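**Q** Can you keep this structure in mind? I'll have questions shortly.
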Amino acid sequence: MTEYLRTLSETLRAHGVDKPVTVVDLDRLDANCALAVSGSDAGLDRRLVAKSLPCLPLLDHIRGRISTSGLMTFSETMLLALLQAEPKTDHLIGKPLPVSSAARVLAACPDAAARVQWLIDTPERLRDYLALAAERQSTLRLSLEVDIGLHRGGFQPENIADIAREIEANPNARLSGLMGYEAHLAKLPGFLKKRATLVSADAYRRAVSSLPKGGEGLCLNTGGSLTFQSYGVGDGATEVAFGSVLVKPSDFDHASTQEFQPAAFIATPILKAMPGNTLPGLDFLKRTKTDIAVFGGHFLAQPVFPDGFGYSTVFGRSSNQEVWTGPRSAVVTPGDIAILRPTQSEAMLNQFGTMLAVRGNQVVAEWECLPN
């Protein structure tokens, strides 16, 4: 990757980057989109995870290459921004929001009742949302979170039938679907993974079979960036969700994503280059390292360029001007652009407000990001 990163750094310096910014490589992104299409069952819908791709032009770019059923959205602020920007997109809420958040969204965008599937994970939350629906005299679309082995909350499969009946009997609610997330499967060692995969699949099928008409006509969602390729039409789901894999931060380096390329980076100017820099309090000792100070720091990312540089164990982490240490022979000058590879894309790609889109050796667009 060294030559690729060197070229990217030079491209960004020529563009005039003078503060930290996130960067997406459109050539790599397009290749990843093609892999996602070829790797997912054509009979299943695909839903993009908005928190992992938190930029509307970025989402639009991807949706030009991947046909989608809608977005999975996780926060009140991002949901409001997307509802106001797009009149028709379907939103499946990816985590249960406090009912007060839903109330504010519905007050600001009354048509959200028809465009949002609110996630329900407990009988108590169901009561809160049914009370909100009655108060507003509007019909809310409710999707049920089912625990299929991750054990991060949600209904047990054996409770789905009763909850579904309660929703169906309420004039102010409509059952819209079911979501079962199984991020644990990709992380388990092989001897545990096989059993856990069977348990997860069985739990999901039992939950789906408990729905009215076996879930016919409902949004039956599962999968994630590390598992979406595992599902087919016969597995009970109607759609899979993914997002991060399309830009592949380092947390998504996995056997299932080997063909995908890192496509998102943090770029930040080098403020100082200090060959042979002496250590604080040890000025009398010669040193054979080069230190650089970059603009900002403490990012959720690892340095990847200049080659051979990493976080200084002497100066420690800093959000102001972070010091990296590398080889004495490194040729680095202030104004050069340092590159980091993010560990995740959510709450990271949009942290600077804008994103640069690069194609070839040129910055082709500057995109405004969505709020978290």
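**Q** From a point 7 Å beyond the Cα of Ala365 in the direction of its Cβ, which residues of segment 54-94 have a backbone N at a distance under 15 Å?
**A** Flagged as within label range: 54-66.
**Q** Rounded, prolate or oblate: pick one for segment 120-197, where a ≥ b ≥ c are the square roots of the eigenvalues of its C-alpha gyration tensor, a/c under 1.5 means rounded, and failing that, prolate if a/b is larger than b/c, else oblate.
**A** Prolate shape, in that a/c is at least 1.5 and a/b is the bigger ratio.
**Q** Further, regarding this structure: Using only DSSP helix segments of four residues or longer, with each worth -39500 (n - 2.57), what per-residue ellipticity at 222 nm results for the chain after dividing by its residue count and rounding to 500?
**A** The helix contribution divided over the chain gives -8500 deg cm²/dmol.
**Q** Determine, from the Cβ-Cβ distance of Arg127 and Val314 and an R0 of 45 Å, the FRET efficiency 1/(1 + (r/R0)^6), rounded to the nearest 0.05.
**A** 0.20
**Q** Taking the alpha-carbon distance from Lys289 and a cut-off under 22 Å, which lysines remain once sequence neighbours fewer than 8 residues away in the same chain are dropped?
**A** Straight-line reach from Lys289, under 22 Å: Lys272.
**Q** State the answer as a single residue: which of Leu349, Ser38, His254 lies farthest towards the positive end of the charge dipole of the chain, with beta carbon charges of +1 for Lys and Arg and -1 for Asp and Glu, about the Cα centre.
**A** His254
**Q** Could you calculate, for segment 303-351, the ratio of the Cα radius of gyration to the Kirkwood radius, expressed as Rg to Rh?
**A** Ratio of gyration radius to Kirkwood radius for segment 303-351: 0.99.
**Q** Exposed loop GluC sites (Glu not before Pro) only (DSSP loop, at most 14 other Cβ atoms within 10 Å): please give the longest stretch of the chain free of them, not including the sites.
**A** 1-215
**Q** Now for a separate question. Give the accessible surface of the chain per residue, rounded to a whole number of Å², with probe radius 1.4 Å and ligands, DNA and RNA excluded.
**A** In whole numbers, the chain has 43 Å² accessible per residue.
**Q** Follow-up. Would you work out what percent of the accessible area of segment 1-75, with all protein chains in place, is carbon or sulfur (probe 1.4 Å)?
**A** Here carbon and sulfur together make up 49 percent of the probe-accessible area.
**Q** Continuing with this model, one more query. Across bins of 10 angstrom width beginning at 0, how are the C-alpha pair distances of segment 269-338 distributed, in whole percent?
**A** 22, 58, 20, 1
**Q** If I compute P(r) over Cα pairs in 10 Å bins from 0, in percent from the structure I just sent, which labelled value in [x] 5, 22, 27, 22, 14, 7, 2, 0; [y] 5, 23, 32, 25, 12, 4, 0; [z] 5, 26, 34, 25, 9, 1, 0 lines up?
**A** The value computed from this structure is option [x].
**Q** Would you please give the FRET efficiency between Arg63 and Met274, computed as 1/(1 + (r/R0)^6) with r the Cβ-Cβ distance and R0 = 41 Å, to the nearest 0.05?
**A** 0.35
**Q** Within segment 241-372, what whole-number % of the accessible surface is contributed by carbon and sulfur, with the 1.4 Å probe and all protein chains included in the calculation?
**A** Answer for segment 241-372: carbon and sulfur cover 51 percent of the accessible area.
**Q** Any idea what Rg and Dmax come out to for segment 76-224 if you just take the C-alpha atoms, in Å?
**A** 15.9, 52
**Q** Setting aside same-chain residues fewer than 8 positions from Lys187, which lysines have a Cα under 29 Å from its Cα?
**A** Partners within reach: Lys51, Lys95, Lys248.
**Q** Counting alpha carbon pairs within less than 8 Å and at least 6 residues apart, what relative contact order, in whole percent, applies to the chain?
**A** After rounding, I find 23 percent.
**Q** Can you figure out the FRET efficiency of Lys19 with Val331, using R₀ = 22 Å and their beta-carbon distance, to the nearest 0.05?
**A** Efficiency, from the Cβ-Cβ distance: 0.40.
The values are calculated or read from the model by the stated rules, or taken from the named source; none is laboratory data. Small disclaimer: the values here were computed from a predicted structure and weren't measured. Heads up, the Cβs are rebuilt from the backbone with ideal geometry, glycines too, and the neighbour counts pull from every protein chain shown. Keep in mind that these areas ignore ligands, DNA and RNA; they rest on the heavy atoms of the full protein, side chains included. Shrake-Rupley method; radii C 1.70, N 1.55, O 1.52, S 1.80 Å.
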